[in-house]
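Notes follow once the structure below has been shown.
Each reported figure results from applying straightforward, stated rules to the coordinates on display, with no laboratory input. Please read these numbers as outputs of a predicted model, since none were measured by experiment. Note: ideal-geometry Cβ built from the backbone for every residue, glycine included; neighbour counts use all protein chains shown.
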Amino acid sequence: MRKLPSGTLIEIFDTLDSTSAEARRRAEAGAGGPVWILALRQTAGYGRRGRRWEQETGDFAGTLFFKPHAPMERWGELSFIIALALASAVDESIGEDKITLKWPNDVLIEGGKCAGILLENLGSHLSIGVGVNMVTAPDGMPYAVARLVDYITPPPGPGAFAASLDAHFWKYYRQWKTAGFAPIRDVWLARAGGLGRTITVRLPNQELKGVFEGIDETGALVLRSEAGTRTIAAGDVFFSPQGQE
């Protein structure tokens, strides 16, 4: 275990069931942070709503385990901070012109999902799981996918990528602590994919279609349709193909 320049510890495992599961075990044992937990291979990685996250050797799987110094009701805003940090870390490899952000927590390269984020409340601590398609990408997904190796060879190793991600995260975190969510929201919107376009939002019991107007002061998606404008706190977004909006 070593320290990154921010003071955050980093621990890299050859194999884990899941870096997020390891963070949960540490929380249950009363351990503290901040620490990045990395796995070169996961056997049971998962994403939002328990969906399986496939990761092979060479892909990035890491979880930041720490205690946010902010009211718990604001912890959801950290999803946008880690998304910006993740986009900035990928920028260093391939340039920011190819990268956009998809609400609520995906990073896209030329429209294909290359990374996902998972926040889990662990009581007094929070885990932020990050998965990046460095060398592989899953088949059969209902959306386009991308991997970094198609843009830079070789892609960054896990330790180097974690160091970059960590530096960008704490930069945005300090801004958030000092100035609140508004400037984070503005920067996120400047990189948002699908803004002003027709999108479909899948909720547990229904599908909504409308124009992606932006996000509000809490980070909820703002959707405008013939039925009016509504805010959506959680859901899965799908972009309509260009020309079919």
Student exercise, the chain dipole from Lys, Arg, Asp, Glu Cβ charges, in Debye to nearest 20: 500
Dipole of the chain [Lys/Arg +1, Asp/Glu -1 at C-beta], most positive-end residue of LEU208, ALA23, GLY95: ALA23
Estimated dipole of the stretch 4-128 in Debye, rounded to 20 [Cβ of Lys and Arg +1, of Asp and Glu -1, Cα centre]: 480
Cα-Cα over 25 Å, subset of LYS67/LYS98; LYS3/LYS102; LYS67/LYS177; LYS102/LYS171: LYS67/LYS98; LYS3/LYS102
For the stretch 2-190, with +1 on Lys and Arg beta carbons and -1 on Asp and Glu, the positive-most of LEU4, PHE161, LEU122 along the dipole: LEU122
Whole-number D in µm² s⁻¹ for the stretch 198-239, Kirkwood Cα-pair radius fed into Stokes-Einstein, 20 °C, 1.002 mPa s: 211
Gain on full stretching of the segment that runs from VAL149 to ASP186 - 0.36 nm per residue minus C-alpha separation: 10.3 nm
In nm, spacing of pseudo-spin labels at LEU122 and GLU56 (7 Å Cα→C-beta vector): 2.9
Cα-based reach from LYS113 at 20 Å (exclusive), listing aspartates and glutamates while leaving out same-chain residues under 8 positions away: GLU54, GLU56, ASP59, ASP91, GLU92, GLU96, ASP97, ASP139, ASP150, ASP236
The stretch 2-190: translational diffusion in µm²/s, Stokes-Einstein, Kirkwood Rh over Cα pairs, 25 °C, 0.890 mPa s: 149
Sequence-distant residues sharing a close amide H with ALA39 (under 5 Å, placed H): PHE13, ALA61
Lys/Arg +1, Asp/Glu -1 at C-beta; the stretch 104-187 dipole; positive extreme among TRP170, VAL135, TYR151: TRP170
Hz values of 3J(HN,Hα) by residue in the stretch 130-146 - Karplus curve (6.51, -1.76, 1.60), Gly and Pro given as x: 10, x, 10, 6, 7, 10, 10, 9, x, 8, x, 7, x, 8, 5, 10, 8
The stretch 55-113-the stretch 169-209 distance, computed between alpha-carbon centres (Å): 11
Beta bridges by DSSP in the chain, antiparallel share as percent, to the nearest 5: 80
